[in-house]
Amino acid sequence: MQRPYRILVVDDDLMVRRSIQRILSGNYNLTVVEKGQEGIERLKKGMVDLALVDLKLPDIGGMEILRQAPESFPGIPIIIITGYSTVRNAVETIQLGAFDYLSKPFTPEELEQVVEHALSRHSRLRSFGEITCGHINERDGIRLVGQSAALREAFELMQQVAVTNSTVLLIGESGTGKELFARMIHAGSPRSKKPFLAVDCGAISPQLIASELFGHVRGAFTGAASKRVGLFQSASGGTFFMDEISNLPLDQQATLLRILETQEVRPVGASRTEKIDVRLIAATNQDLAIMVEDGKFRQDLYYRLNVFPIHLPPLRERREDVGPLAEYFLIKFAERMRKHITGFSPEALEALKGYDWPGNVRELSNVIERLVILCDQGIVGSNGIEKNAPMIEASVSVPQTLEELNVLKRRLREQVVEEVEHAFLQEALARNDYNASRAAVDVGMRRPNFQALLRKYNLRIRDLAAKK
């Protein structure tokens with residue numbers, strides 16, 4: 001039998017405390033305190049599923065408790081209750097991470113509804129098949145969702161290598177979560193309190209990559225007006241993640257091999273080397289063995305990187321994880337946008353599972369974010385999928401002629417622009433409490449132009465605010 005949820009009430013008003021106890025005590029385990037500091041101490045112990053906190057307290061108020069939450073007691077939903085209700089207070093508490101905001105006096109139905117909503121979302125987040133390793137937890141901001149055998153195999157390898165100092169090579173398509181795995185390895189290692197630095201080897205100009213990675217001394221080249229510390233030196237003591245290592249130029253591959261062998265770096269233009277202590281995690285979406293055969297990647301560096309390879313499976317090879325991932329992203333984005341969306345229809349889930357997701361988890365996240373922005377119902381249905389995820393629809397019908405291709409490209413461009421503009425308007429209004437004047441200023445538009453864009457899509461602020 002599931003235990004009752006544990007709710008902490010922090011309020012100095014005796015009548016309010018008694019009212020909350022009368023309404024909730026039959027269904028929940030309540031702990032009631034009068035001061036903010038005592039509430040913080042209870043929250044830090046972790047024996048709380050939800051907190052109802054007064055905005056004004058004798059010592060430490062609700063705002064300060066919200067500020068301490070991310071570091072001291074992350075993951076616990078906090079509902080602010082107050083008799084000093086203003087739009088400004090509401091916006092500020094939500095920006096600080098409050099789950100919701102309840103004005104006094106409130107009815108039993110209002111209190112029960114907001115508590116049930118918060119606990120339902122909290123429970124669903126915690127019930128996902130989230131895999132954690134050692135002290136890797138929500139406080140590290142790292143979350144891995146999925147229960148497939150392929151993902152578990154990769155995770156078990158990650159667990160085994162995390163506690164060592166060995167070089168790791170992460171192999172997987174774009175969007176499979178290579179940087180997430182690298183961060184998990186770092187968080188589970190003895191280096192977790194030291195820096196974690198990441199670089200995309202394909203995003204740095206070949207002319208600047210040596211200076212970026214290894215640093216340079218003053219006067220090393222034209223424009224080197226001062227000494228620069230490279231990323232390897234900055235990561236010393238911690239972990240350095242080199243994404244898309246296949247893009248590293250051949251001449252710098254030799255330098256990287258020497259650094260891995262000696263743990264020494266020579267900045268550009270320097271006459272002496274500098275000692276470092278860095279663990280390297282490399283990642284690639286290319287087959288490095290084939291690149292070695294083609295002369296595009298050094299064989300000795302490949303052997304040095306391939307000490308402990310971990311293959312990250314694409315999403316199409318673990319379709320059983322699509323549902324939990326979609327649900328996770330749905331809750332995440334619905335919370336961020338303050339929308340009450342309870343889930344997907346069975347048909348919508350089947351549509352998501354049936355797509356191959358060439359962009360993997362990153363693409364799924366982007367699609368769900370768009371669906372949440374545009375959803376105007378309590379659930380995401382199959383119609384919403386077809387309307388708001390054009391890449392899924394396009395994948396079903398491939399054009400057969402140049403004319404069909406041009407028609408499809410034009411239709412998709414128009415559809416994407418409409419979706420982006422629609423989402424742009426909704427997001428701007430939501431950020432500014434559905435005040436058109438403030439929203440126009442926020443996005444840098446004149447109010448008449450902002451209103452014209454609203455009329456283009458027949459969007460009424462009153463209707464949007466009612467659906468939030």
- [ ] Return the carbon/sulfur percentage of the accessible area of the range 202-290, one whole number, probe 1.4 Å, all protein chains in place.
- [x] 48
TODO: Taking only protein heavy atoms into account and a 1.4 Å probe, give the accessible area per residue of the range 179-312 in Å².
DONE: 49
TODO: Report the local net charge at residue 235: Lys and Arg +1, Asp and Glu -1, summed over other residues whose C-beta lies under 11 Å from its C-beta.
DONE: +2
- [ ] Write down the radius of gyration of the range 223-368 and its Dmax, each obtained from C-alpha positions, in Å.
- [x] 21.5, 66
Open item on the list: Debye calculation, C-alpha points only, no solvent: report log10 I(q)/I(0) for the range 175-270 at q = 0.10, 0.14, 0.22 Å⁻¹, in the same order as the q values.
Closed with: -0.29, -0.56, -1.22
Task: Neighbour net charge for residue 248 - beta-carbon separation under 14 angstrom, K R +1, D E -1 - done: -2
Open item on the list: Over 21 Å between Cα atoms: which of 45/339; 35/56; 194/332 fall into that group?
Closed with: 45/339; 194/332
Task: Normalised contact order of the range 1-55, rounded percent, pairs of Cα under 8 Å and 6 or more residues apart - done: 53
TODO: Normalising by the residue count of the range 239-339, find the relative contact order in percent from Cα pairs under 8 Å and 6+ residues apart.
DONE: 29
- [ ] Note down, for the range 36-83, the three equivalent ellipsoid semi-axes (square root of 5 times each alpha carbon gyration tensor eigenvalue), biggest first, whole angstrom.
- [x] 16, 11, 9
- [ ] Provide, in order from the shortest bin, the percent of all Cα-Cα pairs of the range 253-316 in each 5 Å bin, continuing until the bin that contains the maximum pair distance.
- [x] 3, 14, 22, 20, 16, 12, 8, 3, 1, 0, 0
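The values are calculated or read from the model by the stated rules, or taken from the named source; none is laboratory data. The structure displayed is predicted, hence computed values, not measured ones. FYI the Cβ positions are ideal-geometry reconstructions off the backbone, even for glycines, and counts take in every protein chain you see. Protein only, heavy atoms only, side chains kept; ligands, DNA and RNA dropped before computing areas. Shrake-Rupley method; radii C 1.70, N 1.55, O 1.52, S 1.80 Å.
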